Amino acid sequence: MTHITDLALARRLERCEGRANTEFVAARARLEPASGAASAVTDDAFAMFDGIGSPITQTFGLGLDSAPDDATLTALEAFFESRGADVSHETTPLADAGLPAALQARGYRVIEYSSVLHAPMESLVVHAAPGDITVRPIGVGEVERWSDTSAAGWGETPELAEFIRGYGRIGAQAVGSTAFIAEQDGVAMGTGALGMHDGVALLAGASTPPAFRRRGVQAALLAARIAYARAAGCDLVMMAAAPGSTSQCNAERRGLRVAYTRVKWQRQLSHRG
């Protein structure tokens, strides 16, 4: 089955990630009620507030179903600004052609790009996992172990590691997301996550502590997640990565291809009024 990059594909991909992030925010609200985490899903976009400064505090899907009018943009801005947050919209080039000009006129600027990669399930290049590495979904009581292992793969600075640990702790308990751990002789070697929505499998959460890199850990995690998603009936795989990054290169080696480049627009809270 071939998936052509068109509006229908963009809607599937953006709705998958939008729903995954909405479920993340719901998990945050459930586990940390004081956070004020909230979401608003409308015909125009998925809007998520996960705290000031969180990369999840933004919208997905804006302009994919219709051209957003002033009332729609004003309502979305109020959702974020009433919570003390800058307004961020992550958009695709397949959205309404008038969207960039509309955002520029309202004081937004581009702050980030990301590659959205995808592949039909059957086209992926999945290598057999090394025989001494086992991969499985985590069990009850393993959230902390999973989030600690994930943080160890991002331990360039203590602050970043702590952020990833907290992020992983929530994500591993979100509805619709399955956290996987790779092990060797009972030692945790890496993590990965999988979100599934309407036949689309979203790959995320890839992390390998430095001591276990170049041993096939992520290849094993990919194989296990793909097998899991196939069994669940998914026909399409997606992930997002920084343009030209190692993550993007590794994904392309395994058969994923760039569908489009997302553009993240932001209007700072100070712009209001």
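Each Cα pair under 8 Å and six or more residues apart adds its separation to the average, and for the chain the resulting relative contact order is 25 percent.
To the nearest ten degrees, helix 158-171 and the longest principal axis of the Cα atoms of the chain are 90 degrees apart. In the set (i) 59, 44, 30; (ii) 50, 39, 39; (iii) 61, 40, 32, which value of Cα extents along the principal axes in Å was calculated from the structure you see? The calculated read-out lines up with (i).
Just the C-alpha atoms of the stretch 26-132: what Rg/Rh do they give, with Rh taken as the Kirkwood radius?
Working: Rg = 17.4 Å, Rh = 16.0 Å.
Rounded to two decimals, Rg over Rh is 1.09.
Helix 70-81 and the longest principal axis of the Cα set of the chain meet at an angle near 60°. Given their separation in residues at 0.36 nm each and the Cα-Cα distance between them, ALA75 and VAL41 gain 11.0 nm when the chain is fully extended. Taking label positions 7 Å along the Cα-Cβ direction at both ARG11 and VAL187, the computed distance is 5.0 nm, reported to one decimal.
In a DSSP loop and with at most 15 other Cβ atoms within 10 Å, the trypsin sites (Lys or Arg not before Pro) in the stretch 1-99 are ARG83.
Helical content of the chain, expressed as a calculated mean residue ellipticity at 222 nm, amounts to -10500 deg cm²/dmol (DSSP H runs of 4 or more residues, -39,500 (n - 2.57) each, divided by residue number, nearest 500). Compared with the dominant Cα axis of the chain, that is its longest principal axis, helix 7-31 is turned about 80°.
Here's the picture: a label point sits 7 Å out from the Cα of ARG30 along the beta-carbon direction, and within the stretch 148-188 the residues with their amide nitrogen under 16 Å of it are 168-179. Using a simple spin-label model with pseudo-atoms 7 Å out from Cα toward Cβ, ALA97 and ARG109 lie 2.8 nm apart.
Under 19 Å from a label point set 7 Å out along the Cα-to-Cβ vector of ARG257, the amide N atoms of the stretch 1-38 belong to 1-14.
Mean sequence separation of contacting Cα pairs (under 8 Å, at least six apart), scaled by the length of the stretch 115-181, corresponds to a relative contact order of 35 percent. For the stretch 142-154, backbone phi angles converted through the Karplus equation (6.51, -1.76, 1.60; θ = phi - 60°) give residue-by-residue couplings of 9, 4, 5, 4, 5, 5, 5, 5, 4, 5, 5, x, 10 Hz, Gly and Pro being listed as x.
A short reminder: the numbers here are calculations on the coordinates, not readings from a lab. Owing to the predicted nature of the structure, the values given are computational and were not obtained by experimental measurement. Glycine also receives a Cβ, built like all others from the backbone with ideal geometry; neighbour counts cover every protein chain displayed.
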